[in-house]
Amino acid sequence: MQNIYQQFVSNIKVFTDKKHLLVAVSGGADSVVLLNLVSRFVQQHKEYSFSIAHCNFKLRGKNSFRDADFVERLAEFYEVPLYYEEFETIKYARDKGISIEMAARELRYGFFEKILSAIDNSVCLLAHHKNDNVETFFLNLLRGTGIKGLRGMSARSGKYMRPLLDCSKSEILKYATDEQINYVEDETNFDTVFLRNNIRHNVIPLMQTLNPQAIEHIADTMQTIGSIEKILDRWFNDLLAKVIVDTDTTAASSCRQIRQNSVITDYSQTLSIRLLKKIKQLDVFLELLLQSKDFPRSIISQITESITGGTAGKIFYSPTHTLRRERSTIIIEKTSLCAAPAAAQDNNFADTPPMLNYDRQFFTNINEVPKDSTIAVLAIDKIKEPLILRKWKEGDFFYPLGMNKKQKLSDFFNNNKFSSTQKRYTWVLTHRGDIVWIVGYRIDDRYKLKFPRGAGMEAVVVTLGHLLNGFSEQEH
């Protein structure tokens, strides 16, 4: 069996021919071990060089700068260039109307792209490992996913490489101990309010008590799923080429009709219903086609029924696309859901839970707290158990922000002139039975952030938006 360094060397030689290795270093154990392995490798292979990249998202108060100082000392120790950037992540998220998780991801990879474009013959190394991949498997499984979500991350994705993907977390920590490698801990990695951390600290250890080889077996299964995905991809692409209809007039006509109801951002695909009906595994084909366009499984089933036996004129919506069933074709276009007709949304999404992102952030004063109704900022000292999302029901009550007495949700709806459709769409986030947030509208006063004089506060920040694979500032 190869040791961790041998695995690393083998992966570098197999997965990249680039000679400059840009190492993304957060300061945590995984990325600092990766940096040590890169240094060993470059010493033995003089044709290679390396440098370090570190992002400071300024989400964790003083600890964000503690980590940055630590990485700077690492660069000095290894005598290599350090590419460092500080980001106003919260402001970026507000300005773009996206979650902080999404904002940090965009900033991070934008930063890496800028560095890679300036360095010839370079590749960026990320320290994701086997446990990260298994956690991602469970995250996607719980959220609902297709085969792509179950095969996990790839060892090489374009300009990015994960040379530790075959190594377990325990191997990485053992290497750090054996080599006397120092690193910093991100305190948010232990907060089980966040789903990924809950899986890491509760679900996976339980599985390992049932079978000590659970991580290895799940990782092997993910590799098998990856192989099956390649076969499915060939099958899908062959069929897609046969059913696509190249008719600009059809597309243009459809655009004129749909534009009355939603914002068209770009024309996508027109497919022949006659040819679609000939596909024996139509449900599988449509799932592969439509899950990549954010259609949930419940809607894909309705679309399948519409194709096989429905009539023209039916429109289906996902958060990012519109699908229209014409007489002889279906037309899929990228859209802005916010402009879609309320009745169509009501038919498709009333029972689909909203997508929430969870972050942990440090605020120095009340002025930094977002006042956006799509963002809930909750006092972290009040959160003792995972938050639970559910539909509201009769009899529910909460303490609206700014009030010291409880109010029934039905009264809140009436006072704010909710339509019957709005009520059907309303979900609540709960903690130990308390409603802490009417999602998208108002938080509970008992869970608001309170600032002691002259002191900052940490908070759980929940943002209405798309879910991604878990992110923390300490992510590699």
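Computed from the coordinates by the stated procedures, all read-outs in this text should not be read as laboratory data. Since this is a predicted model, take the numbers as computed values, not measurements. Positions of Cβ are backbone-derived with ideal geometry, glycine not excepted, and every protein chain shown enters the neighbour counts.
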Next on the checklist: Taking a virtual spin label 7 Å from the Cα of Thr364 along the C-beta vector, which residues in the stretch 63-92 bring their backbone nitrogen under 18 Å of it?
Outcome noted: 63-69, 86-92
Checklist entry - Suppose R0 equals 30 Å; then what is the FRET efficiency for Asp283 and Met355 from their Cβ-Cβ distance, rounded to the nearest 0.05? => result 0.80
Checklist outcome for this item: Largest first and rounded to whole Å, the semi-axes √(5λ) derived from the alpha carbon gyration tensor of the chain read 39, 33, 21
Checklist outcome for this item: Here the stretch 12-26 yields Karplus 3J(HN,Hα) values (6.51, -1.76, 1.60; θ = phi - 60°; whole Hz; Gly and Pro given as x) of 4, 6, 7, 9, 8, 10, 6, 9, 10, 10, 8, 9, 7, 10, 8
Checklist entry - Hey, what's the per residue convex hull volume over the C-alpha atoms of the stretch 177-228, in cubic angstrom? => result 138
Item to check | Projected-area mean, the stretch 73-176, by convex hull of Cα positions, square nanometres | outcome: 9.1
Checklist entry - Does a label point 7 Å from the Cα of Lys242, set along Cα-to-beta-carbon, have any residues of the stretch 282-297 with amide nitrogen under 15 Å, and which are they? => result 282-286
Next on the checklist: Net charge around Asn140, counting only other residues with Cβ within less than 12 Å of its Cβ (Lys, Arg = +1; Asp, Glu = -1)?
Outcome noted: +3
Checklist entry - Where does the Debye-calculated log10 I(q)/I(0) of the stretch 356-464 sit at q = 0.17 Å⁻¹, using only Cα point scatterers of equal weight, no solvent? => result -0.79
Item to check | Linear extension gain, Ser10 paired with Thr221, 0.36 nm per residue minus alpha-carbon span | outcome: 73.8 nm
Checklist entry - Length gain on complete extension for the stretch Ala455 to Arg390, per 0.36 nm per residue less the alpha carbon to alpha carbon distance? => result 20.0 nm
Next on the checklist: At 7 Å along Cα-to-Cβ for each site, give me the label-to-label distance between Lys406 and Ala312 in nm.
Outcome noted: 5.6
Checklist entry - Over the stretch 4-188, what per residue volume does the convex hull of the Cα atoms give, in whole Å³? => result 131
Checklist outcome for this item: Output ordering of 426-432, 24-30 (per-residue mean of other Cβ within 10 Å, highest first) is 24-30, 426-432
Checklist entry - Which whole-Hz ³J(HN,Hα) couplings does the stretch 91-104 yield from phi under the Karplus relation 6.51 cos²θ - 1.76 cosθ + 1.60, θ = phi - 60°, glycine and proline marked x? => result 5, 4, 5, 5, 4, 8, x, 10, 6, 5, 4, 5, 4, 4
Item to check | With at most 11 neighbouring Cβ atoms within 10 Å, loop GluC sites (Glu not before Pro) (DSSP) excluded, longest segment of the chain | outcome: 80-393
Checklist entry - Direction-averaged shadow area of the convex hull around the Cα atoms of the stretch 9-80, nm²? => result 5.0
Checklist entry - When ranked by the protection proxy of mean other Cβ atoms within 10 Å per residue, highest first, what sequence do the peptides 141-148, 156-163 form? => result 156-163, 141-148
